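Single-structure report; data block below.
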Amino acid sequence: MNKLLLASASPRRHELLTLLGIPFETYSADIDESIPSHMTPEEAVQELAFQKANAALQKFNEKVVIGCDTIVVYNEQILGKPKDKNDAREMLTQLSNHTHEVYTGVCILSKTKKILFSEKTDVTFWELTQQEILAYVDSKEPFDKAGSYGIQGKAALFVKGIQGDYYNVVGLPVSRLARELAQFASS
């Protein structure tokens, strides 16, 4: 397989991809991340993952590119990255004492092949006090994360339970990705 290129600037995805033990480079693909309202969450994350991978492939066309996107969905509403402190506080208040879904779309792309998939993990939060929410928002941790939280950081204290792949919530379903990469290489 040609050398891998991760089309993401996320340090979390970079760290997770290193678990596979495969050499790779990174490139931050800059795309419009607007989500058309007619798409399901699965379609949306797969489309954004494809757009990121395709943008990187246009620049590095000899590589095998991995594009990813993660969203949080609560009550059929997609919660992206917060715009400001108030937006982060509102999202975390919505998620408090409820179960939400985290979807990550992944696209493995080369000049001749494409694999596109998504994973879903259900996450349940404890009931959060406004003091807990405000302290977390003040930590500045929520601002580059879908749904305004990072399960691998201070928000780990909010999580009552998960059903599905933990690493999917962090931003990259590495177990599924390893299997899909093996299929990609052998096809």
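Read-outs: derived from the displayed coordinates by stated rules, not from any lab. None of these values were measured; they are calculated from a predicted model. Glycine also receives a Cβ, built like all others from the backbone with ideal geometry; neighbour counts cover every protein chain displayed.
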Task: Residue-by-residue Karplus 3J(HN,Hα) for segment 168-183, coefficients 6.51, -1.76, 1.60, Hz, glycine and proline x - done: 4, 5, 5, x, 7, x, 4, 5, 5, 4, 4, 5, 5, 5, 4, 5
Open item on the list: Quick check for segment 85-171: number of Lys pairs with alpha-carbon distance under 19 Å, counting only pairs 8 or more apart or on different chains?
Closed with: 7
Task: Peptide ranges 34-42, 63-71 listed from the most packed, as the mean C-beta count within 10 angstrom indicates - done: 63-71, 34-42
Task: Net charge of neighbours whose Cβ lies under 14 Å from the Cβ of Ala29, counting Lys and Arg as +1 and Asp and Glu as -1 - done: -2
Task: Karplus-derived HN-Hα couplings along segment 108-123 (A = 6.51, B = -1.76, C = 1.60, θ = phi - 60°), whole Hz, x at Gly and Pro - done: 9, 9, 9, 5, 10, 9, 8, 10, 10, 8, 9, 10, 10, 10, 8, 10
Task: Where only alpha carbons of the chain are counted, the Rg and the Dmax (Å) - done: 16.5, 53
Open item on the list: What is the sum of charges, Lys and Arg at +1 and Asp and Glu at -1, for the other residues whose Cβ falls under 15 Å from the Cβ of Val137?
Closed with: 0
Task: Net charge, Val123 excluded, C-beta distance under 14 Å - Lys, Arg +1, Asp, Glu -1 - done: -1
- [ ] Hand me the trypsin sites (Lys or Arg not before Pro) from segment 107-148 located in a DSSP loop with no more than 15 other Cβ atoms within 10 Å, in residue order please.
- [x] Lys111, Lys113, Lys140
Task: Pairwise label distance in nanometres, Asn86 with Gln163, each label 7 Å out on the Cα-Cβ vector - done: 3.6
Task: Filtered GluC sites (Glu not before Pro), segment 87-187: DSSP coil and at most 14 other beta carbons within 10 Å - done: Glu127
